[in-house]
C-alpha cells in the first residue's frame, strides 16, 4: 500500500507543478517501498538521492515562476524549501555514514511535510498564478 496518494486536495491548479508534485509523491512512495522491503542501504541510498535531486529541480522551478510573476510570498516560500533541503541533506549525510536509518517516522515526516506544504504554501501560489492566467 502506498504511503501517499495523489488526489484533488494536492492540486495547485498549475499543471506543471501538479505533475511535479505527483512525481514527488511517487518518489516518496518508492523510498517507503524500498525501506519496507528491506532492499538494503545501496537501494535506499539511490532512491533517497533521486528524491533529493528531483526536489531541488522542483523547488528551483517553483521559485523561478514565482519570481518572474512577482509572487509576494516568495521569500517565505524559499525559506520553507531551504529548511526541508537542509533537513533531508542532513538525513542523507547521517544515512551515508551509517548514523541514521530510514524509519517510518522519517517517512511520516516527509509525507506530512509534503502534504502540509502543498496544501498550504503551494496552494497560495496556485491561486496567485491562476489569477495571472497560468494554469
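The values are calculated or read from the model by the stated rules, or taken from the named source; none is laboratory data. Remember, predicted model here, so these are calculated numbers, not experimental data. All Cβ positions, glycine included, derive from the backbone under ideal geometry; neighbour counts span all protein chains shown.
Summary table below
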| quantity | calculated |
| --- | --- |
| Selection status of residue 54, modelled with pLDDT of 95 or more and within 27 Å of residue 13 (Cβ to Cβ) | no |
| Entirely in the range 1-119, the helices (runs of 4 or more DSSP H) that have 2 or more residues that are free of Cβ contacts under 8 Å to residues at least 60 places away in the same chain and closer than 21 Å to residue 132 by Cα | 15-36, 41-68, 74-96 |
